[in-house]
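First the structure, in the form of C-alpha cells, and then the observations on it.
The values are calculated or read from the model by the stated rules, or taken from the named source; none is laboratory data. As the structure is a prediction and not an experimental result, all values here were calculated from the model. Because the Cβ atoms are built from the backbone with ideal geometry, glycine has one as well, and the counts that use them run over all protein chains shown. These area figures cover heavy atoms from the full protein model, side chains too; ligands, DNA and RNA do not enter into them. Shrake-Rupley method; radii C 1.70, N 1.55, O 1.52, S 1.80 Å.
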Amino acid sequence: MNVVGGNSLIAVYPGSFDPVTNGHLDIIERASKLVDKLYVSVLSNKSKNCLFSVEERMNLLKMITCDFPNIEVTSFYGLLIDYAKIMNANLIIRGLRAVTDFEFEFQLALTNRSINPDIETLFISSSTKYLFLSSSIVKEIAYFGGNIDDMVPHQIKDILLDKVKD
Ligand code: PNS
C-alpha cells in the first residue's frame, strides 16, 4: 500500500545516470517511500556519449539500491512513455533542481502526457544540498582530481575515479 492508500502506484524514474550521484540517490530514496514499486531505468541511447556503459550504470545503481525491497533497476530504449506503459507504470518520476531544469522537464512532461494521458509525471524537488549537483559536474571534478566525497555514493567513488583515469 502506498502513502496515498489507494491503488498500487508503480513508477519509473528514468535517466542517464552517468554516473548516479547523491542527488539521484536522494530522489530515489524519497520516491521509493511514495510508491509501491519503483523502476530506476537507465536510458540506453547509442547517440549519447556516456562514460559508463548501460550495464555499468545499471550495476552502480544496483549496488546502491540493493537494500530497497521495492526498487528494481532496468534499462530502456526508445520512448520513455512507451516504456512506462509496458512496465504498467502510472507515474514517471523526475527530480527538479533549479529553474534551469524546468523548461526541459516541463516540455518532457507535456509531450509524454500528450502521448499517454494515463501516466502522470511527478516532480520531486531536489534537496537544497544537491541543487548544484549533476553527473557532468561530478565527472569533471573527478577528472581533474577534485574531492567528490559528498557528491556520489561511497560505493561508487573509487569506480568513478578509476574510470576517469582510463
Ligand atoms: O538524466 P537525463 O539525461 O536528464 O534523462 C533524460 C531522459 C532519459 C528522461 C529523456 O532523455 C528521455 O525520456 N529519453 C527517452 C526518449 C523520450 O521519450 N523522449 C521524450 C519525448 S521527445
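Close Cβ contacts (under 7 Å, 6 or more residues apart or on different chains) running from residues in the stretch 134-163 that are closer than 18 Å to Glu56 by Cα and open to solvent by less than 70 Å² (accessible area, probe 1.4 Å) to residues that are among the hydroxyl-bearing types (Ser, Thr, Tyr) and part of a loop (DSSP other than H, G, I, E, B) comprise Ser135/Ser16; Ser135/Thr21; Val138/Thr21; Val152/Thr21. Taken together, the residues in the stretch 55-72 that are in contact (Cβ under 8 Å) with a residue 60 or more places away in the chain and open to solvent by less than 20 Å² (accessible area, probe 1.4 Å) amount to 2. Restricting the first member to the stretch 9-33 and to residues that are without any contact (Cβ under 8 Å) to a residue 40 or more places away in the chain and under 25 Å from Cys50 (Cα atoms), and the second to residues that are in a strand (DSSP E or B) and basic (Lys, Arg), the beta-carbon pairs closer than 9 Å and six or more apart or on different chains are Gly15/Arg94. Being under 16 Å from Ile124 (Cβ atoms) and either open to solvent by less than 20 Å² (accessible area, probe 1.4 Å) or acidic (Asp, Glu) (or both) is the requirement here; does Asp26 meet it? The answer is yes for Asp26. Take the residues in the stretch 22-51 that are among the hydroxyl-bearing types (Ser, Thr, Tyr) and in contact with a Leu (Cβ under 9 Å, 6 or more places away or on another chain), then tell me which one is farthest from the ligand (Cβ to nearest atom). Looking at residues that are among the hydroxyl-bearing types (Ser, Thr, Tyr) and in contact with a Leu (Cβ under 9 Å, 6 or more places away or on another chain), I get Ser32.
Scanning the stretch 73-95 for residues that are open to solvent by 80 Å² or more (accessible area, probe 1.4 Å), touching a residue at least 40 places away in the same chain (Cβ under 8 Å) and not aromatic (Phe, Trp, Tyr) turns up at least one hit. Scanning the stretch 123-166 for residues that are among the acidic types (Asp, Glu), closer than 14 Å to Thr21 by Cβ and assigned to a loop (DSSP other than H, G, I, E, B) turns up Asp149, Asp150. Among the residues of the stretch 112-122, the one identified as outside any helix (DSSP H, G or I) and hydroxyl-bearing (Ser, Thr, Tyr) is Thr121. Consider the stretch 52-88 and keep the residues that are aliphatic (A, V, I, L, M) and assigned to a loop (DSSP other than H, G, I, E, B). The one that is nearest to the ligand (Cβ to nearest atom) is Leu79. For Phe17, the stated conditions do not hold, so it cannot be described as buried (at least 19 other Cβ atoms within 10 Å of the Cβ) and out of contact with any Lys or Arg (no Cβ under 6 Å at 6 or more places or on another chain). Taken together, Ser114, Ser134 contain a single residue that is at pLDDT 95 or above, farther than 22 Å from Ile86 by Cα, within 16 Å of the ligand (Cβ to nearest atom) and of a type outside the set (D, E, K, R), which is Ser134. Scanning the stretch 20-51 for residues being touching a strand residue (DSSP E or B) at 6+ places or on another chain (Cβ under 8 Å) and polar (S, T, N, Q) gives a total of 3.
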